[in-house]
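Below is one structure, written out as structure tokens; comments come after it.
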Amino acid sequence: MPSTVIQNTLYDPTTRTLSVWFVPSGKRYDYEDVAPATYAAFSKAFSKGRFFNEFIRDCHRYRRVA
């Protein structure tokens, strides 16, 4: 997953939770109620950061994970 903004992601389809680790801090945020189709499109997106900003960041509740 080459991205200058997103270090790594993990998706749990059972809970529809998308975990995102950001560059360079490595901090993790969990985004709630992300549809499987949204995650599939995110994983295929050429620009992960652009897709994240447009379709995930302000569209889903989130929490920082310590």
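The values are calculated or read from the model by the stated rules, or taken from the named source; none is laboratory data. In this text, all values refer to a predicted model and were calculated from it rather than measured experimentally. Virtual Cβ from ideal backbone geometry, glycine too; neighbours counted across all protein chains shown.
Quick notes on this structure:
- Residues (under 16 Å from residue 62 (Cβ atoms) and of a type in the set (A, V, I, L, M)) located in the range 2-52: 5, 6, 10, 18, 20, 34, 35
- Within the range 52-64, residues that are touching a residue at least 40 places away in the same chain (Cβ under 8 Å) have Cβ atoms under 9 Å from residues that are surrounded by 12 or more Cβ atoms within 10 Å (Cβ to Cβ) and not in a strand (DSSP E or B) in these pairs: 52/3; 52/5; 52/42; 52/45; 60/32; 60/33; 60/34; 60/38, counting only partners at least 6 apart in sequence or on another chain.
- Of all residues making up the range 1-51, the number that are polar (S, T, N, Q), under 17 Å from residue 65 (Cβ atoms) and either touching a helix residue (DSSP H, G or I) at 6+ places or on another chain (Cβ under 8 Å) or in contact (Cβ under 8 Å) with a residue 24 or more places away in the chain (or both): 2
- Subset of the range 1-57 (residues that are part of a loop (DSSP other than H, G, I, E, B), surrounded by 17 or more Cβ atoms within 10 Å (Cβ to Cβ) and modelled with pLDDT of 95 or more): 34, 56
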